[in-house]
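The values are calculated or read from the model by the stated rules, or taken from the named source; none is laboratory data. Every value quoted in this text rests on a predicted model; they were computed, and no experiment measured them. Cβ coordinates were reconstructed from backbone atoms using ideal geometry, including for glycine residues, and neighbour counts include every protein chain displayed.
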Amino acid sequence: MKKSADRHIRFIVIATGIASVVTQIVVIREFLTQFNGNEFVIALILFNWLLLGGMGTFMARAAGKKASLLRLALISVGLIVMAPLELLMIRYFRDVFFIYGSSAGFYSTFAYAFLTIVPYGLLLGFALPYSLVTARNILPSFSGTRVYIADNIGDTLGGILFSFALVAWVTPFQALCIAHLPLLYLAMVVLAHGSRPKTTMAIAGAVCLFALAAGMALEKGSLTPPGMTLSYYQESRYGRIAVYSDRKQHTLYLDGKPVMAGADTALAEESVHYPLSQLPSVNGVLLISAQGGMMAEVAKHRPAFVDYVEIDPVLSDAAFAFGFLENLSGLTRIHEDGRAWLYLTETTYDALILSLPEPDTFQINRFFTDAFFNIAKTRLGDGGILSFSVTGFDNYIRDEQAVKIASLRNTAKKHFKHVALLPGEKIHFLCADFAPDTDIVALLDVKNIQTDYIHGLFHGNVTADRTAYLYEHVNIDAPLNRDFSPHLMRLMYKDWFARFSTSPTGFLVTLALFFSIYLARSSREEFVLFSTGCVLMGSQILIIFAFQILFGYIYEQIGWIVTVFLAGLLPGAMFGHRIRAHGAKILIIADGALMALLLVFLFLITYAGDRLPPAAFLILGLSMSAACGIQMPVALYLRGDKKSGVIQAFSADLIGAAAGTLITSVILIPYIGIIWTTLCLAGLKLISAGLMYARPS
Amino acid sequence: MNQLTRRRFLVSGAAAVCTAALPGPALAGVRGLLQKAGPDDVTGVIFKGDAPRHPWKWSKEAFDYHRLPDQSVVCGICPHGCVLEKQDRGICRSKVNINGKLYSLAYGNPCSVNIDPVEKKPLFHFHPRSTNLSIAAAGCNFRCLNCQNWEISQVYPESLRTYELFPAQVVEKAIEVKAEAVAYTYSEAISYFEYMIDTARVAHEKGLYNLWISNGYINPAPLDVLCDVLDAANINLKCFSDDVYRKLNGGRLGPVLETFKALHKRNVHFEITTLMVPGYVDDPEIFSAMCRWIIENLGPDYPLHLLRFFPRYKLDRLPPTPVATLTEFRQFAMKKGIRYVYVGNVPGHEGNHTYCHHCGKLLIERQGYLIKTYDLEKNICKHCKTVIPGRWT
């Protein structure tokens, strides 16, 4: 009996791990779609998730002798029901809290994320220590490390399941359903041993199945706003692609934002004709992503060949299928990361046209850096031109925007002799080794190319006054935008806050106070675990960013990174369990190992960069994760492995992870860059090791 | 995020519960219900204790306000009627109460100065091909979620880089660049009324036209004074629904309609602009009521511009307006009797051009701001000799 209970508890913990990781990823992706898709939002969700998990864990202190396997099964049923409900709440309640069609700022996103994650997050955080209490009620010698290890196994399996299977094949509600089936099965097995098993099983099973099925049934309906028809919907590896139709117009949405709607004549003409009009003849054109209507404009220059690079084949297929982009003779579609393509190809182009969103995420920022302009230059033939654009200004250029444009211009100028700016619908950058002619209408007339927008509006919008105004304000000494020191990111964050007339200061001060109070009340072992959670999440984010910068955005490999970080904890925890009797010494050695690994990371990105095989980063991540995993069993041993000690240790780990996520991605990396962030994390571990070293024996 | 009221909570809760039991087609109705339960007013608030200690730069005492016994003041410029205690700042961010006196901060400090074609305002029936010196100072009494000039309308005057241009200098500059008019535009000129009215008076004395591009959210008294020197206006009629005004713009419909009536009564040439925001403004019933009101109260001659919406500022998750919607609504408005209905932000659309309301022939062919065909003689159609409403060269 005791043996089977032990097995059931461990399996339930594993199944909960699988379900919770899948739910977490689904929720993050949903928030990226429903809200702004920048790293702030990712960090906010992870922060809320981990914080609420920590709070739920803390609440489990109240669980005592009444904790039973049957109740654990009912908690599992609660999790199963809440997962689809949480997703529905995120979708449906958005229009209650926010005006339909509007975006949300930092604080409202934070509050909304907190409120919608509360039920699931608290219950999930509660479930893990509750399972330990349950186990100890049955088997008093049951070790906290076993729960920790089981949880790690579940998390790893969940990461693998989502990253390598679910993401490619199923919708969010289907993913939730599949991920919760093992937990449902185990809950039923446990309920079968209770009193009145048939009734309980029937009710619990029916409620779970109804919730999971209702989610799937409401999948498309919950994505369709009134007055529009959902003509196409597909979850790709890279995001949510949907096409809505209204009065003969199709609009293609990527991650909740409209990106193409018929031909945006103004933008399509500006993006294409500003650069191509500069060339006497056009042989090869490389388009990195594209706007609706661009292909037809490119065709007017009769290029011999056009390479169109779009990482997401689903997005590209939808764009062509619904007529946003037209097929041209000589057009090749390449499904590859744009930057990675520049490293791969040996083709030389006359023009390279970037049509990307604003560089307000690390993923997009990679296309606006010193290293990108360097590689782009090598792929242009003599007399070639690179063009890109960022949000323009109507009648006033703000200081932050001026610095952004100056930074971009200075960065591009390092590689091109001339960088001309044209203030049209957006601000267009024309980068070449010849001086671009900015009288676009005259150039097009020479080539006998007719346009709707440029011929009519160019002289009213791109006036000499406006151009002079722009140059007057961007001729400043702004820092270059580099891969590992993304100056543009901090400007974009400022911009985001300015748009909503808010500032992150209040939040950060509150956070600093919260962590200060928490840490002041923590034991040394808890501080070690807090700092370990912090470093684990921080280094994971560092490796993901570095990996993206060096090798391009390749979803499977990012899945691997997340997975190795989860997987490394397991052998680390097992090893730590075996050597726990060595106590504080092990914590200090593990801290030392983490510092050393962070320095190795620094050395690798500084001196080896993309010459390293990607596997090197995976090995590094696995090692870091293993070093972190060692510490939990040792800390539990030092704290006495009692219920309260275990719960505090789990809480410290989760709260540290929450802090690491937020601080690394939204404060340290944008403001001090990747190199100094790495040193800060190493410094944190130095403090942790110092505290343990100074620990009274 | 707005406060969740009990009513909203109950409505949304009921809607969410019903969702689980409803079949797919009914879901749109549920979402519609939830949208109605959503935040319903974005009207700005008074900034308590936020005024500078001393009047900033060339701040001028406000044109229209009255004092209350406790050093509070009531601003009289716009229908918000901000009651400002000492050191408070008004909704428009431009008016402050310093020691019981109401000041306009933006006086003499425009943040934008450009030379624009009159077609850009848009004013299609007012001296085509002319240019104007367009100026703006910071501030706005609305909070439009789709504002395209939020960088200057939703900020404090003190936070921007500004020029120093007093009314006489504005007019001098306009003459220097050979502009025929001064336009008060981009942000909301009502928020810098004192600067606008002084400049407009000087401009008028020097023979320049005054163009007012506005949301029309102004009180009758200051408007009456402005009309003395005003030559043309383009007033936004955001939507013929008070609910939408509150939800997307932070204002009320009634006072804007009064502005139209007042301009009509004072014989000021004006054109009406409506941005067709999908899901809000493109409701056929609302649009029909709007056309009826225009015909009944203003007559058929004032041009109506229907602009295509593009996602902007905070309203960036809606699709652009379908061109078919603009075409349909244009035809509908013309059927209802409005003679000149234009489509904006759609290059190449037939609604860019002017057709004689009598013979239907093309009078003015536009390509953006360029005029390719111009078949008017003074204010008369060259083809059928009908008088075309407007102020023509």
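So that you can scan it fast, the table gives a plain yes or no per residue for (1) within 14 Å of chain A (Cβ to nearest Cβ); (2) modelled with pLDDT of 95 or more; (3) under 25 Å from B:Pro128 (Cβ atoms); (4) under 17 Å from the mean Cα position of the chain (by Cα):
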| position | (1), (2), (3), (4) |
| --- | --- |
| B:Arg252 | no, yes, no, yes |
| B:Pro311 | yes, no, no, no |
| B:Arg330 | yes, yes, yes, no |
| B:Lys335 | no, yes, no, no |
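May I ask you to verify whether A:Ser131 is buried (at least 24 other Cβ atoms within 10 Å of the Cβ) and modelled with pLDDT of 90 or more?
So A:Ser131 passes the test.
Go through segment A:426-454 and count every residue that is surrounded by fewer than 21 Cβ atoms within 10 Å (Cβ to Cβ) and within 14 Å of chain B (Cβ to nearest Cβ).
5
This table checks each residue for (1) among the aromatic types (Phe, Trp, Tyr); (2) within 13 Å of chain A (Cβ to nearest Cβ); (3) in contact with an Asp or Glu (Cβ under 9 Å, 6 or more places away or on another chain).
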position	(1), (2), (3)
B:Ser134	no, yes, yes
B:Ala138	no, yes, yes
B:Arg143	no, yes, no
B:Glu164	no, no, no
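Just to be sure, is A:Leu620 hydrophobic (A, V, I, L, M, F, W, C), within 21 Å of A:Thr563 (Cβ to Cβ) and touching a residue at least 60 places away in the same chain (Cβ under 8 Å)?
Taking the combined requirement at face value, the residue satisfies it.
Taking A:Ala214, is it touching a Pro at 6+ places or on another chain (Cβ under 9 Å), surrounded by fewer than 21 Cβ atoms within 10 Å (Cβ to Cβ) and touching a residue at least 60 places away in the same chain (Cβ under 8 Å)?
Details: touching a Pro at 6+ places or on another chain (Cβ under 9 Å): yes; surrounded by fewer than 21 Cβ atoms within 10 Å (Cβ to Cβ): yes; touching a residue at least 60 places away in the same chain (Cβ under 8 Å): yes.
Answer is yes for this residue.
Looking for whichever is among the hydrophobic types (A, V, I, L, M, F, W, C), free of Cβ contacts under 8 Å to residues at least 24 places away in the same chain and touching a helix residue (DSSP H, G or I) at 6+ places or on another chain (Cβ under 6 Å) here; the options are B:Leu370, B:Leu298, B:Leu306. Which one fits?
One residue alone meets the criteria, B:Leu370.
Just to check your reading of the model, which residue among A:Phe497, A:Phe507, A:Phe458 is aromatic (Phe, Trp, Tyr) and free of Cβ contacts under 8 Å to residues at least 40 places away in the same chain?
Numbers: A:Phe497 fails: free of Cβ contacts under 8 Å to residues at least 40 places away in the same chain; A:Phe507 fails: free of Cβ contacts under 8 Å to residues at least 40 places away in the same chain.
Answer to the check: A:Phe458.
Could you please find all residues in segment A:84-96 being buried (at least 24 other Cβ atoms within 10 Å of the Cβ) and under 13 Å from A:Ala213 (Cβ atoms)?
The answer is A:Pro84, and nothing else.
Determine whether segment A:108-127 contains at least one residue that is surrounded by 23 or more Cβ atoms within 10 Å (Cβ to Cβ), within 14 Å of chain B (Cβ to nearest Cβ) and of a type outside the set (Val, Ile, Thr).
yes
Based on this model, can you work out whether B:Gly390 counts as outside the structural domain of B:Tyr209 (by TED's automatic domain parsing) and surrounded by 20 or more Cβ atoms within 10 Å (Cβ to Cβ)?
For B:Gly390, the condition - outside the structural domain of B:Tyr209 (by TED's automatic domain parsing) and surrounded by 20 or more Cβ atoms within 10 Å (Cβ to Cβ) - is met.
Across segment B:350-378, which residue is farthest from A:Gly424 (Cα to Cα) among those that are modelled with pLDDT of 95 or more, part of a loop (DSSP other than H, G, I, E, B) and not hydrophobic (A, V, I, L, M, F, W, C)?
Step by step, filter segment B:350-378, then rank; the result is B:His358.
Among the strands (runs of 3 or more DSSP E) lying completely within segment A:254-345, list those that include at least 1 residues that are within 14 Å of chain B (Cβ to nearest Cβ).
In segment A:254-345, A:257-261 are the strands (runs of 3 or more DSSP E) which contain 1 or more residues that are within 14 Å of chain B (Cβ to nearest Cβ).
Consider B:Arg246 against the criteria (1) closer than 30 Å to B:Thr199 by Cα; (2) more than 14 Å from the chain's Cα centre (by Cα): it satisfies all of them except one. Which criterion is unmet?
The number of the failed condition is (1).
Which number in (1) within 13 Å of chain A (Cβ to nearest Cβ); (2) surrounded by fewer than 20 Cβ atoms within 10 Å (Cβ to Cβ) marks the one condition that B:Ile295 misses?
(1)
Please name all residue pairs, on different chains or six or more residues apart, with Cβ atoms under 8 Å, provided the first residue is in segment A:368-385 and is closer than 11 Å to A:Asp350 by Cα and the second residue is in a strand (DSSP E or B) and among the hydroxyl-bearing types (Ser, Thr, Tyr).
Close Cβ pairs (under 8 Å, with a partner that is in a strand (DSSP E or B) and among the hydroxyl-bearing types (Ser, Thr, Tyr)) amount to A:Arg379/A:Tyr349; A:Leu380/A:Tyr349; A:Gly381/A:Tyr349; A:Gly384/A:Tyr349.
Tell me whether segment B:258-270 contains one or more residues that are touching a Ser or Thr at 6+ places or on another chain (Cβ under 6 Å) and either outside the structural domain of B:Leu307 (by TED's automatic domain parsing) or of a type outside the set (Asp, Glu) (or both). Steps first, answer last, please.
So in segment B:258-270, the residues touching a Ser or Thr at 6+ places or on another chain (Cβ under 6 Å) come out as none.
No.
Here are A:Gly144, A:Gly101, A:Gly154: which of them is at pLDDT 90 or above and closer than 30 Å to A:Ala626 by Cα? Spell out the reasoning first.
Working: A:Gly144 fails: at pLDDT 90 or above; A:Gly101 fails: closer than 30 Å to A:Ala626 by Cα.
Criteria check complete, one pass: A:Gly154.
So which residues in segment A:107-144 are closer than 18 Å to A:Arg71 by Cβ and among the small types (Gly, Ala, Ser)?
Within segment A:107-144, A:Gly125, A:Ala127, A:Ser131, A:Ala135 qualify.
Go through (1) surrounded by fewer than 20 Cβ atoms within 10 Å (Cβ to Cβ); (2) in contact (Cβ under 8 Å) with a residue 40 or more places away in the chain and name the single condition B:Tyr340 misses.
Failed condition: (1).
Can you tell me which condition A:Gly221 does not meet? The list is (1) modelled with pLDDT of 95 or more; (2) over 23 Å from A:Gly292 (Cα atoms); (3) within 12 Å of chain B (Cβ to nearest Cβ), and all the others hold.
Against the list (1) modelled with pLDDT of 95 or more; (2) over 23 Å from A:Gly292 (Cα atoms); (3) within 12 Å of chain B (Cβ to nearest Cβ), A:Gly221 comes up short only on (1).
Just give me the residues in segment B:271-285 being facing chain A (nearest Cβ under 9 Å) and in contact with a strand residue (DSSP E or B) (Cβ under 8 Å, 6 or more places away or on another chain), in sequence order.
Within segment B:271-285, B:Val277, B:Pro278, B:Asp282 qualify.
Step by step: first the residues of segment A:466-476, then only those that are surrounded by 14 or more Cβ atoms within 10 Å (Cβ to Cβ) and within 11 Å of chain B (Cβ to nearest Cβ), then the one that is farthest from A:Thr411 (Cα to Cα). Which residue is that?
By that ranking, first place goes to A:Arg466.
Let's see how each residue does on (1) in a loop (DSSP other than H, G, I, E, B); (2) more than 30 Å from A:Gly576 (Cβ to Cβ); (3) free of Cβ contacts under 8 Å to residues at least 24 places away in the same chain:
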position	(1), (2), (3)
A:Tyr471	no, yes, no
A:Ser485	yes, yes, no
A:Leu491	no, yes, no
A:Tyr518	no, no, no
A:Phe547	no, no, no
A:Ile561	no, no, no
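Among (1) part of a helix (DSSP H, G or I); (2) more than 12 Å from B:Val277 (Cβ to Cβ); (3) hydroxyl-bearing (Ser, Thr, Tyr), there is one condition B:Thr325 misses while meeting the rest; what is its number?
Single failed check for B:Thr325: (2).
Identify all residues within segment B:247-287 that are part of a helix (DSSP H, G or I) and of a type in the set (S, T, N, Q); write none if there are none.
B:Asn249, B:Thr259
Might you check whether a residue that is within 14 Å of chain B (Cβ to nearest Cβ) and modelled with pLDDT of 90 or more occurs anywhere in segment A:53-68? Spell out the reasoning first.
Taking segment A:53-68 as the starting set, the residues that turn out to be within 14 Å of chain B (Cβ to nearest Cβ) are none.
No, there is no match, as no residue in segment A:53-68 is within 14 Å of chain B (Cβ to nearest Cβ) and modelled with pLDDT of 90 or more.
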